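Coordinate-derived values only; no laboratory data. Since the structure is predicted, the reported quantities are computational estimates derived from the model, not experimental observations. In this analysis, Cβ positions are derived from the backbone assuming ideal geometry, glycine residues included, and neighbour counts consider all displayed protein chains.
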Amino acid sequence: MQTLQVDVGHSRYPISIGSGLLAHRELLDTHIRGRDLLVVTNTTVARLYLAKLAGGLGARRVAECILPDGEQHKTLQTAGRVFDALVAKKMNRDATVLALGGGVVGDIAGFAAASYQRGIGYVQLPTTLLAQVDSSVGGKTGVNHPGGKNLIGAFYQPLCVIADTDTLATLPDRELRAGLAEVIKYGCVWDPLLFDWLDRNMAKLLQRDVEALTYAIARSCEIKATVVARDEREHNLRAILNFGHTFGHAMEAATDFRTYLHGEAVGLGMLVAAALSQRLGLIDAAIKDRIRDILGKAGLPTEAPRIGAAKALEFMQMDKKVQAGTIRLVLLEKLGRAIVTASYAQAALHATLEEYFA
Ligand code: NAD
Ligand code: GLY
């Protein structure tokens, strides 16, 4: 088992990464105080892992809240089902929510924990690669609104993150690839050596080589923990972790959250952001080509949907990085270094949107 620490000042918690951790009772025991637990999961993950987790929970009062599966259910209404379960079981402030699943379950359960009785503890038990490398760490929680992605939410750190790498064995190939998009992101914005490593080891990752996956998860969490420690609330630095997201979220929202997996949309968004960076003269074409090539190697889409430049822009305007009506974008200065900027030539943005979305 590998253990990393996240330290945001007011909150410090471990990320444990390894095999067999869902049934590792002492690991949970260290972090849970009260006797009431609510396991929040979805229909798919419940079938696969609920019994394994429940077996290790001991003599506590354990309730379950099993949500429908899918990004389209990441709504206030679904979060309401978690509140209903907490109230139905008369859970108090010492109750703990266990979020067992991918990023959708983690974001909803974390949001419910942040709001119920003004905040109860929660543990992230991520079961997708995307959740293990990104969404379970750093305390962003929330739900979507028909007008845009993750518009309702809270920064609320978990008590701990326990990433059992065994769960990746049942993950569909498409979901594994979507998770790799976020690992590629860390290479693009922070760590060119990770990017090179991914280039060399993509076949191993796609074959689910445990050692390669564990390295990718641990390095990603290390980078995320470093960034979040410096800027928990995304005043500046943390926004680089949204590389590709402004364009990606627009693609997701414009297709009603049904066409693309989040990681796929982020991958395409990184390509568009790299193309804009190139158009602005920040990077040369070779870097954009390397990003497109590695996305292709990971089996991710490399052709953006023709949603229309105007529609893309409309959704981008709902991005949380918009300030005083200006869309701030994450662009690349080189491989491994990103900037967050509102000063770019609007004509370059429009030309890039035309190129990819018209
Ligand atoms: P997801 O939660 O929808 O999970 C993907 C699919 O895999 C689902 O069908 C799920 O039921 C299934 N699944 C989960 N674990 C499985 C397993 N071990 N075996 C088989 N199937 C399994 O999607 P995701 O990619 O994990 O997360 C995407 C969400 O995360 C998006 O809503 C995105 O906005 C959010 N996100 C949040 C943050 C954050 O910082 N909070 C960061 C990145 C992404
Ligand atoms: N996924 C981006 C962030 O957590 O900031």
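With a cut-off of 17 Å on the backbone N, the residues of the stretch 289-325 near the modelled label site 7 Å out from GLU354 along Cα-Cβ are 306-314.
Extent along the principal axes, Cα only, for the stretch 288-358: 39, 29, 21 Å, with the longest axis given first.
Can you tell me how the stretch 182-309 classifies by the Cα gyration tensor, rounded, prolate or oblate, using a/c under 1.5 as the rounded cut? It comes out rounded by the Cα gyration axes. Report the Cα centroid-to-centroid distance between the stretch 228-248 and the stretch 304-358 in angstrom, as an integer. Using only Cα atoms to place each centre, the spacing works out to 15 Å. When the listed pairs LYS185/LYS224; LYS74/LYS204; LYS185/LYS288; LYS185/LYS334; LYS224/LYS311 are checked against a 22 Å cut-off, the alpha-carbon distance exceeds it for LYS74/LYS204; LYS224/LYS311.
Calculated FRET efficiency, LEU48 and THR302, Cβ-Cβ r, R0 35 Å, to nearest 0.05?
Values: r = 31 Å, r/R0 = 0.88.
The value I calculate is 0.70.
Here's the picture: charge each Lys and Arg Cβ at +1 and each Asp and Glu Cβ at -1 in the chain, and of LEU206, SER136, LEU241 the one pushed furthest to the positive end of that dipole is SER136. Taking the chain as a Gaussian network of alpha-carbon nodes connected by springs under 10 Å, the highest mean-square fluctuation of the residues THR170, THR75, THR96 belongs to THR170.
When the Cα positions of LEU280, LEU21, ILE307 are compared along the charge dipole of the chain, LEU21 comes out farthest toward the positive end, with charges on each C-beta of Lys, Arg, Asp and Glu.
Against the chain, whose longest principal axis comes from its Cα atoms, helix 245-254 is set at around 80 degrees. Charges were assigned to the Cβ only: +1 to each Lys and Arg, -1 to each Asp and Glu. The resulting dipole of the chain about its Cα centre is roughly 720 debye.
Computed over the stretch 142-233, the percent of Cα pairs more than 19 Å apart is 51. Of all aspartates and glutamates in the structure, those lying under 13 Å Cα to Cα from LYS89, and not within fewer than 8 positions of it along the same chain, are ASP36, GLU64. The Rg/Rh ratio for the stretch 1-47 is 1.01, where Rg is the radius of gyration of the alpha carbons and Rh is the Kirkwood radius. If you take the Cα centroid of the stretch 55-124 and the Cα centroid of the stretch 134-182, the two points sit 14 Å apart.
Restricting the calculation to Cα atoms, every distinct pair contributes to the Kirkwood radius of the stretch 1-83, found to be 14.8 Å.
Based on the Kirkwood radius over alpha-carbon pairs, what is the Stokes-Einstein translational diffusion coefficient of the chain at 37 °C with 0.692 mPa s viscosity, in µm²/s? If you can, show how the numbers build up before the last one.
On the way: Rh = 20.4 Å.
Taking Rh from Cα pairs, D becomes 161 µm²/s.
In a reduced charge model with +1 at each Lys and Arg Cβ and -1 at each Asp and Glu Cβ, the stretch 31-140 shows a dipole moment near 440 debye about its Cα centre. By the rule of a C-alpha distance below 22 Å, with chain neighbours fewer than 8 residues away ignored, no lysines are paired with LYS90. Gain on full extension, evaluated as 0.36 nm per residue between ASP289 and HIS24 minus their Cα-Cα distance, stands at 91.1 nm.
Between the beta carbons of ARG60 and THR226, assuming R0 = 41 Å, the FRET efficiency works out to 0.75 to the nearest 0.05.
Kindly write out, for the stretch 50-66 in residue order, the coupling ³J(HN,Hα) from the Karplus curve 6.51 cos²θ - 1.76 cosθ + 1.60 (θ = phi - 60°), rounded to whole Hz, with x marking Gly and Pro. So the Karplus estimates, Gly and Pro as x, are 5, 5, 4, 5, 4, x, x, 8, x, 8, 6, 8, 10, 10, 10, 10, 9 Hz.
Calculate the FRET efficiency for GLN317 and ARG337 from the Cβ-Cβ distance with a Förster distance of 35 Å, rounded to the nearest 0.05.
0.85
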